[in-house]
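For reference, the structure is listed below as structure tokens.
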Amino acid sequence: MTEPDTGPILNPALDGAALARLYGAAGRLHIAGIMTEPSAKALHDVIATFADWNLSLRKGDGDHSIPPEQRRHMSADQMATLRRLIDMSATQGFQYLFENYPIYDACHAGIAPPAFRQLFDFLNGEAFLGLMRQITGHSDIGFADAQVTRFTAGDFLTTHDDDVDGKDRRAAYVLNLTPSWRADWGGILQFLDGDGHVEAGFVPSFNALNLFSVPKLHAVSQVSTFSPGARLSVTGWLRAGKDPGPAQ
Ligand SMILES: O=C(O)CCC(=O)C(=O)O
Ligand SMILES: [Fe+2]
């Protein structure tokens, strides 16, 4: 893995007060150029060459993660069966399928690769959290949890609102690290209104932060079979209070 020298750096030219006005009006925001360009490129290179992805899906009522060791032993038939089960449950309810690496858990367990530790420190540093407090108006935001995600052809995340009791999520964020993408390739972060219509959609992009308030109905549309690339992001929530540590 290529390591960035310094880790991510917040773009010093961002106008927090102007962004706060936009967020206040819509409850969501797409911030282009969130990091300095060289540090965004370095972070992209780390994620684009990362190889140890879990497969993340929903089983019963909970998150289920298939680690890389186990994935390697799954036959094409087993994978196809799993896919069919996932498709069946996605028809009616909350389901997802994408690859991830749990940065928050790995940092607390002391096993995160150094570049992901730097990323976690950036997301929990005063520069980033201070800007997030200013934009969202939530002065009690105390920490950010985080995972890296990769969506390739067939991956999706159905409609949900991110609200989980006891997690104190004030806002959700998606740090976009996809260098080139077309809306036709899917993977669009869609926001739904009370009638089930898509009221807005953010197309995967590079070095941009999507931010939205919790709870809010949203989904990631399925990445199309003809998408040639991967949708790469760092996602998580800005949470109130002190980081409780492992398993939260
Ligand atoms: O990747 C995205 O754009 C959104 C992810 C999301 O909604 C979630 O992880 O809950
Ligand atoms: Fe979500």
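Values quoted throughout were computed directly from the atomic coordinates according to the rules given, and no laboratory measurement underlies them. Please read these numbers as outputs of a predicted model, since none were measured by experiment. Every residue, glycine as well, gets a Cβ built from its backbone with ideal geometry; the counts of neighbours run over all protein chains shown.
Using only DSSP helix segments of four residues or longer, with each worth -39500 (n - 2.57), what per-residue ellipticity at 222 nm results for the chain after dividing by its residue count and rounding to 500?
Values: 7 runs with 72 residues, N = 248.
It lands at -8500 deg cm²/dmol.
A cut-off of 5 Å between modelled amide H atoms, ignoring neighbours fewer than 5 places along the same chain, links A200 with F191. Between D165 and L22, the simple label model (points 7 Å from Cα in the Cβ direction) yields a spacing of 3.7 nm.
The alpha carbons of region 16-240 give a radius of gyration and a Dmax of 17.1, 53 Å, in that order.
Applying the Karplus relation 6.51 cos²θ - 1.76 cosθ + 1.60 with θ = phi - 60° to region 39-56 yields 3J(HN,Hα) values of 6, 5, 5, 5, 5, 4, 4, 4, 6, 5, 9, 5, 10, 9, 7, 7, 9, 10 Hz, where x marks Gly and Pro.
Using C-alpha pairs below 8 Å separated by at least 6 residues, the relative contact order for the chain is 24 percent.
Divide, for region 110-163, the radius of gyration over alpha carbons by 2.2 N^0.38 Å, where N is the residue count. In units of the 2.2 N^0.38 Å rule of thumb, it is 1.45. Taking a ≥ b ≥ c as the square roots of the Cα gyration tensor eigenvalues, with a/c under 1.5 meaning rounded and otherwise prolate when a/b beats b/c, else oblate, which class fits region 55-102? It comes out oblate by the Cα gyration axes. Equivalent ellipsoid of region 20-69: semi-axes from √(5λ) of the C-alpha gyration tensor, largest first, are 31, 23, 5 Å. Since only A172, H197, F50 are under comparison, the one whose Cα sits farthest along the positive direction of the charge dipole of the chain, derived from C-beta charges on Lys, Arg, Asp and Glu, is H197. For region 78-94, backbone phi angles converted through the Karplus equation (6.51, -1.76, 1.60; θ = phi - 60°) give residue-by-residue couplings of 4, 5, 5, 5, 4, 4, 5, 5, 4, 4, 4, 6, 5, 4, 9, x, 6 Hz, Gly and Pro being listed as x. Note on region 1-113: Rg/Rh from Cα positions, Kirkwood definition for Rh, rounded to two decimals, is 1.07. Using a cut-off of 26 Å between alpha-carbon atoms, which lysines can reach K167, once sequence neighbours fewer than 8 places away in the same chain are excluded? Qualifying lysines at Cα under 26 Å: K59, K216, K242.
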